[in-house]
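First comes the structure, then the notes that go with it.
The values are calculated or read from the model by the stated rules, or taken from the named source; none is laboratory data. Computed from a predicted structure; not experimentally measured. Note that we place each Cβ from the backbone using ideal geometry, even for glycine, and neighbour counts take in every protein chain shown. Note: accessible area is taken over every heavy atom of the protein model, side chains too, but ligands, DNA and RNA are not part of it. Shrake-Rupley method; radii C 1.70, N 1.55, O 1.52, S 1.80 Å.
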Amino acid sequence: MEAIQVQDVHKTYRGKVHALRGVSLDVMEGEIFGLLGPNGAGKSTLVKILMTVIHASNISGTMLGKLIGDRVTLRDVGYLPEHHRFPYYLTGNQVLHHYAAMSKIARATRTKRASSLLTRLGLHGWEHKKVGTYSKGMLQRLGIAQALMCDPKLLILDEPTDGVDPVGRREIRDLLAELRQEGRAVFLNSHLLSELEMVCDRVAIMVKGEVTMQGTIDSLTKDSKRYEIELKGSMPTWAKEACDTVQDNTMIVRSDDAEAIQPLLDRLRAEQTTIISVRPVRETLEDLFMRAVDNTDSPGAVQ
Amino acid sequence: MQFRALLTDAYRQLSAAKLFWVSLGISVLVVIGFGSIGFTETGVSIGFGITEIESEFLNAGSRWSRGFYIGIFSGFLVNIWLAWIATVLALISTCSIFPEFVHSGSIELTISKPIGRLKLFFAKYLVSLLFVILQVAIFCVGIFLCVGLRIGEWNPMIFAAIPIVATFFSYLFAVCVLVGILTRSGITALLITGVFWMSLWSIQTSEAVLNRFVTQQQVDIERFQEGIEQTNTKIAKINKTSTEDDERLVSLEERNKRFVADKLEAEESLESLTQWHDPIAWVLAVSPKNAQTIGLLDRWLSDPDGFDIAAIMNGDMRSFENVEVDEFDRTTRNARERETRKRMQDEYESKSLWYVVGTSLLFEGFILGLAAWYFRRKDF
């Protein structure tokens, strides 16, 4: 079942800036979905529309089975905005209690969850210190804890690893994997492609207010799978006919099937050609992203 | 639960701002100062007996002591401390509540919770006001105890200051909220609220001054008309049988002409003044009436003995001089002034609660409505 299912989302600001131009996407329960795109592509606008922070010019669809904009549904959605700002006068524990109370979570439940989440996110011992004394990474962790306080069925995180050190990022990745195991849907908004690649089941790439690609990383990079065969010495005369591309001393065969290169390898061995390496190569998420962005004139919103 | 969370948050925000405690501390000092005033057999003691001022009017047995003591509260502590100094401190304390609330990165966290925007807006507005109410309530409890212990009068009407001051403050705070939401700047909100407050003060002062002139001209016109009628009566009684009568007739006719000319001049002045007064009176009618709202406390705490400390401060010593209030001797300048003041006071006291508070709350509702509409529609 879809945790988020939206079609034809449009957002036009005054001044005729088209932030979103017919975005459609689905996020399934129990999956980690990554939305990536360059700055100004409209990622945060889409998330804010889902969270009722911004009014869409046009939208149809559901979140957790209810129409987008249904306030009661928000009780089951955890949200970490980008560049979030907690009141400086609150302690970490007070932050969790305050926002959970705004989500109508009972005090006893809040107390139990706050203690557990602070420990889980490595903030144990900091719960009674003012958030003004927290580092950027700690604030991110606290933000994630805040989003988890309502025991969400859907977690929407906008740049969750922003400012977090590599160790912290790894912990957050592990946490997200645990949440997926628990059957929760996670919607990640990030421009850190390597992070997304490691953790996401499916991704969508948004450029200039439109989703240009959407699917599993495997399916999106399937066409780019190839084998690179690096040889020692001169290239055989038949090389260009036997493979798709020849680059210096490397033969490139476009295929995701290892069987396809076996005859070629047999022929090379028969001719006593020294094979230095045979590498299965797949387009990275970064390559995919760059390809999506390069296909457009400029990455920002459309005027 | 959400309202309580907002209330707790507002308390923590104000508590973090030291000014809240400074303001409360000064309030307590003011109450202690007030409580230090007492009455002895021979006069007034100040500073818990450190100094004593002898007075034949104000002492433990005097009928004016009650009015004096209550008058200090309603005339000075409310009119000056609560209506000016404490209000400025409260505005400084609260001006950043809404700008902080709608600050980017902060508002997304709150607005994405299962609470409607309008409910959120008005809840935030109310909890912000609650802290002004809290400050005034603590102040009033102190004053209530002082009055009770000093003059033996346990007057619950003292607590009327709580809704009055809160209402007065809410007129200004509504503007502060609107500007704060539009600009997201506490300083800008504070400055524009200050300008708005001064504008209100200017409108009210202009109206009061012009009203005084208008009333004075009306009194003059009545005086001249009465003079004309009296002169005409005298003229009618003259038989013109002697030279003396002729001379008296000429004299009366001259006098009558002067009255007519003066009356004409006063009527022209009145017409001219009315042209200025009426538009300002209309502007005042639809504006928040700060001074009149605070003045309600004077009306509600008025002294049955006729002692009015505010009037005494304005130079009206009738309560000491035992002058008949209804007197209207048209021949003296003082009487004319007194009549003008009396009519203005009567007019002021005849203003209904609806006119004073109702129209002010309508204005506040309009401003708040604008702010709420903007908050509801805004893409954050």
I'd like to verify a number: residues in the stretch B:27-50 that are more than 20 Å from residue B:71 (Cβ to Cβ) and modelled with pLDDT under 90, how many?
5
Test of understanding: among A:120, A:107, A:141, which residue is within 14 Å of chain B (Cβ to nearest Cβ) and basic (Lys, Arg)?
A:107
For the stretch B:9-25, enumerate the residues that are crowded, with 16+ Cβ neighbours inside 10 Å and either assigned to a strand (DSSP E or B) or more than 14 Å from every other protein chain (Cβ to nearest Cβ) (or both).
B:23, B:24
Residue match in the stretch B:80-93 (condition: under 29 Å from the mean Cα position of the chain (by Cα), under 30 Å from residue A:143 (Cβ atoms) and either outside any loop (DSSP other than H, G, I, E, B) or within 14 Å of chain A (Cβ to nearest Cβ) (or both)):
yes
Looking only at residues that are in a helix (DSSP H, G or I) and crowded, with 19+ Cβ neighbours inside 10 Å in the stretch A:60-74, which one is nearest to the other protein chains (Cβ to nearest Cβ)?
A:74
Looking at the stretch A:33-48, can you tell me whether even one residue there is farther than 30 Å from residue A:14 by Cα and either open to solvent by 50 Å² or more (accessible area, probe 1.4 Å) or more than 12 Å from chain B (Cβ to nearest Cβ) (or both)?
yes
If you check every pair at least six apart or on different chains, which have Cβ atoms under 6 Å apart with a residue in the stretch A:117-128 that is assigned by TED's automatic domain parsing to the domain that holds residue A:95 and under 12 Å from residue A:146 (Cα atoms) first and a residue that is open to solvent by 40 Å² or more (accessible area, probe 1.4 Å) and outside any helix (DSSP H, G or I) second?
A:118/A:124
Residues of the stretch B:26-48 satisfying the condition of being part of a loop (DSSP other than H, G, I, E, B) and open to solvent by 50 Å² or more (accessible area, probe 1.4 Å):
B:41, B:42, B:48
Matching residues in the stretch A:207-230 - criterion: being of a type in the set (A, V, I, L, M, F, W, C) and crowded, with 19+ Cβ neighbours inside 10 Å:
A:207, A:211, A:217, A:220, A:229
Testing residue A:100 on (1) touching a Lys or Arg at 6+ places or on another chain (Cβ under 6 Å); (2) more than 26 Å from residue B:119 (Cβ to Cβ), one condition comes back false. Which one is that?
(2)
List the number of the failed condition for residue A:24; all other conditions in (1) in a loop (DSSP other than H, G, I, E, B); (2) surrounded by fewer than 20 Cβ atoms within 10 Å (Cβ to Cβ) hold.
(1)
Search result, residues across the stretch B:336-380 that are within 14 Å of chain A (Cβ to nearest Cβ) and either part of a helix (DSSP H, G or I) or in contact with a strand residue (DSSP E or B) (Cβ under 7 Å, 6 or more places away or on another chain) (or both)
B:373, B:374, B:375, B:376, B:377
Being more than 9 Å from chain B (Cβ to nearest Cβ) and at pLDDT 95 or above: is that true of residue A:96 here?
yes
Is there a residue being of a type in the set (Lys, Arg) and either part of a loop (DSSP other than H, G, I, E, B) or in contact with a His (Cβ under 7 Å, 6 or more places away or on another chain) (or both) anywhere in the stretch A:2-18?
yes
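Being closer than 18 Å to residue B:76 by Cα and surrounded by fewer than 23 Cβ atoms within 10 Å (Cβ to Cβ) is the requirement here; does residue B:142 meet it?
Taking the combined requirement at face value, the residue satisfies it.
So that you can scan it fast, the table gives a plain yes or no per residue for (1) over 30 Å from residue A:49 (Cα atoms); (2) out of contact with any helix residue (DSSP H, G or I) (no Cβ under 7 Å at 6 or more places or on another chain):
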site	(1), (2)
B:5	no, no
B:44	yes, yes
B:50	yes, yes
B:53	yes, yes
B:56	yes, yes
B:61	yes, yes
B:75	yes, no
B:80	yes, yes
B:109	no, no
With respect to the numbered conditions (1) out of contact with any Leu (no Cβ under 9 Å at 6 or more places or on another chain); (2) open to solvent by less than 10 Å² (accessible area, probe 1.4 Å); (3) over 28 Å from residue B:162 (Cα atoms), which one is the sole condition not fulfilled by residue B:67?
(3)
Which of (1) more than 8 Å from chain B (Cβ to nearest Cβ); (2) under 24 Å from residue A:189 (Cβ atoms) is the odd one out, the single condition residue A:86 does not satisfy?
(1)
Take residues that are among the aromatic types (Phe, Trp, Tyr) and in contact (Cβ under 8 Å) with a residue 40 or more places away in the chain and tell me which of the strands (runs of 3 or more DSSP E) falling wholly in the stretch A:170-268 contain 1 or more.
A:185-189, A:226-231
Number of positions in the stretch A:130-144 that are more than 19 Å from residue B:9 (Cα to Cα) and either touching a helix residue (DSSP H, G or I) at 6+ places or on another chain (Cβ under 6 Å) or among the polar types (S, T, N, Q) (or both):
3
Within the stretch A:241-257, how many residues turn out to be under 30 Å from the mean Cα position of the chain (by Cα) and of a type in the set (Ser, Thr, Tyr)?
1
Can you pull out every residue in the stretch B:167-180 that is β-branched (Val, Ile, Thr) and modelled with pLDDT of 95 or more?
B:175, B:177, B:179
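This table checks each residue for (1) part of a helix (DSSP H, G or I); (2) open to solvent by 70 Å² or more (accessible area, probe 1.4 Å); (3) in contact with a Leu (Cβ under 8 Å, 6 or more places away or on another chain); (4) modelled with pLDDT of 85 or more.
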position	(1), (2), (3), (4)
B:230	yes, yes, no, yes
B:239	no, yes, no, no
B:280	yes, no, yes, yes
B:295	yes, no, no, no
B:303	no, no, no, no
B:306	no, no, no, no
Would you list the helices (runs of 4 or more DSSP H) that sit entirely within the stretch A:83-160 and hold 1 or more residues that are open to solvent by 10 Å² or more (accessible area, probe 1.4 Å) and of a type in the set (A, V, I, L, M)?
A:107-120, A:136-148
Number of positions in the stretch A:161-187 that are open to solvent by 10 Å² or more (accessible area, probe 1.4 Å) and either within 21 Å of residue A:11 (Cα to Cα) or within 9 Å of the chain's Cα centre (by Cα) (or both)
0
Tell me, yes or no, whether the stretch A:239-251 has at least one residue that is under 27 Å from residue A:56 (Cβ atoms) and outside the structural domain of residue A:33 (by TED's automatic domain parsing).
no
